[in-house]
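These notes concern the structure reproduced below.
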Amino acid sequence: MINAFKYRLYPNAHQARELETMLETHRRLYNECLAQRKERYEIAQKSVKYTQQSAWFKSERGVNEWYARLNFSSAQATMRRLDKAFQAFFRRIKAGEKPGYPRFKARGRFDSWTYPAHGDGARLLDGQLRLQHVGLVKVRQHRPVEGAVKTVQVKNEAGKWFVIASCNIGDGPAPRAEDTSVGLDVGLAYFLSTDQGEHVDNPRYQKEALRQLRIAGRAVSRKRKGGRNRAKAVARLRAIHARVANKRRDYHHKVARDLVSRYAFIAAESLTVSNMVRNRRLSRSISDAGWRQFLNILRAKAESAGSVWVEVPPQGTSQACSGCDTLVRKSLSVRQHHCPECGLRLQRDVNAARNILARGQARMEPVRLNVAQ
Ligand SMILES: [Zn+2]
């Protein structure tokens, strides 16, 4: 099971310049290799292989001082990244689709590079990251890594530097009984509810953050546009957003780990952007973003642990009775489900979670029938 740990980097001024140069060199390498492939495709309708580009890069390092200052394996990772984009492109052509040709990366659209083997060009030490050609960069390690570091990614987000360490954390959670199934409903009153009546509360920091964000947001709108105080207020607002995002991600990982360790079959509602309510209220939009991220994390963990993961359309799951399927209309403020037909009484979200589980199991049904025959 692979888990990613993300930490903020604090390079000194010299190191920050080196990091920027390195990112820019990786970007140019990516674009130069893309140009080679494009030209060959246009002239001869042939593709350039990754191995050919890797060999070209090896000799090019002898004459290009910028390329010479890239760690060789990390440069290969950038060329492989391009190769992946092309493989996806050709796969989609084969499937009869009309994909867009892989694009040149403009400045700002290329934000990271990777060291595919820990220790080759990058090594995470206690509170420091040793980077070839850059030196020892300070790391704020707010939680320790678990397991053995496999790959190291260096990333720039809005001017700030981060390191993302992908770790192998062993075989994942202990084996579970096979018939442990769960249906999950996400909501505003509770962060999530299960079909078995368990509720996970919205984390407290969300409330605190909302208050801070409102205050910081008002401070921004009070300041004169283009003024220096406004820029400061904007920076403060961004810092709060970043802190909230970090705490939220940690919380999501924790809740997801717990669920995956307990259930072999997980059904959740599919939250595509189109069926999410676009709402301008701050609390609502934060929850929207949170659920999507949480379900993505949960899905990744479930899949890597070998659990069955099913997404079902959420329409009507809160209105239908999980006991008899009768439609019991209720507004958002009604917290109880009470069915006039079969008399079932349940907390509203638990009823929804039961419907989600039933839909998820129904989707898997044909497979089971085939096995039985
Ligand atoms: Zn009923």
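All of the numbers you see were taken from the coordinates with simple rules; none came from a lab. Just so it is clear, the model here is predicted, and its values are computed rather than measured. Counting neighbours? That spans all protein chains shown, and the Cβs are built from the backbone with ideal geometry, glycine included.
Arrange the peptides 30-39, 195-204 so that the one whose residues have, on average, the most other Cβ atoms within 10 Å appears first. Write out the running numbers ahead of the final one.
Values: 30-39: 17.3, 195-204: 15.5.
Those peptides, ordered most packed to least, come out 30-39, 195-204.
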Seminar exercise, completed: Within the set Ala352, Ala117, Ala268, GNM on the chain using Cα springs under 10 Å gives the largest fluctuation to Ala117
Seminar exercise, completed: Charge dipole of the chain built from unit charges on the beta carbon (Lys, Arg +1; Asp, Glu -1), centred at mean Cα; most positive-end Cα among Ala55, Leu136, Ala122 is Leu136
For this session: Report the label-to-label distance for Ala35 and Asp258 in nanometres (one decimal), using points 7 Å from each Cα along the Cα→Cβ vector.
Result: 5.4
For this session: Take the eigenvalues of the Cα gyration tensor for the chain, scale each by 5, and report the square roots as semi-axes in whole Å, largest first.
Result: 43, 29, 21
Exercise. Net charge near Ala352, counting Lys/Arg +1 and Asp/Glu -1 over other residues with Cβ under 13 Å of its Cβ?
Worked result: +1
Problem set entry | Residue with peak Gaussian network fluctuation, the chain [Cα springs, cutoff 10 Å], from Gly227, Gly121, Gly108 | Gly227
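With n ≥ 4 as the cut-off for DSSP H runs, can you work out [θ] at 222 nm for the chain, using -39500 (n - 2.57) per run divided by the number of residues, rounded to the nearest 500? Walk me through the intermediate numbers first.
On the way: 8 runs with 172 residues, N = 373.
Computed ellipticity for the chain at 222 nm equals -16000 deg cm²/dmol.
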For this session: Give the residue from Gly197, Ala239, Thr326 lying farthest towards the positive end of the charge dipole for region 181-372; charges sit on Cβ (+1 for Lys and Arg, -1 for Asp and Glu) and the dipole is referred to the Cα centre.
Result: Ala239
Exercise. Starting at 0 and stepping by 5 Å, how many percent of the alpha carbon pairs of region 2-168 end up in each bin?
Worked result: 1, 8, 16, 19, 18, 14, 11, 7, 3, 1, 0
Exercise. Which residues' amide hydrogens lie under 5 Å from the amide hydrogen of His337, considering only partners 5 or more residues apart or on another chain, with H built in the peptide plane?
Worked result: Leu346, Gln347, Arg348
For this session: For region 120-125, just list the computed ³J(HN,Hα) in residue order, Karplus coefficients 6.51, -1.76 and 1.60, θ = phi - 60°, integers in Hz, with x standing in for Gly and Pro.
Result: 9, x, 8, 9, 8, 10
Exercise. What percent does the relative contact order of the chain come to when contacts are Cα pairs within less than 8 Å and at least six residues apart?
Worked result: 16
Seminar exercise, completed: Once normalised by the length of region 2-168, the mean sequence separation of its alpha carbon contacts under 8 Å that are 6 or more apart gives a contact order in percent of 35
Exercise. Rounded to the nearest 0.05, what FRET efficiency do Arg107 and Ala44 have when you use their Cβ-Cβ distance and R0 = 25 Å?
Worked result: 0.25
For this session: Pull the list of the chain cysteines that no other Cys approaches to under 4.7 Å, Cβ to Cβ.
Result: Cys33, Cys167
Problem set entry | Most fluctuating residue given options Phe90, Phe191, Phe72, as computed from a GNM of the chain linking Cα atoms under 10 Å | Phe90
Problem set entry | Debye, to nearest 20: dipole size of region 55-183, +1 on Lys, Arg Cβ, -1 on Asp, Glu Cβ | 640
Exercise. If you project the alpha carbons of region 290-333 onto the principal axes, what extent comes out on each, in Å, largest first?
Worked result: 38, 24, 13
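What are the DSSP H helices in the chain that stretch 20 Å or more along their long axis, judged by alpha-carbon atoms, and whose average Kyte-Doolittle hydropathy comes to at least -1.0?
The qualifying helices are 72-94, 204-222, 282-304, 348-372.
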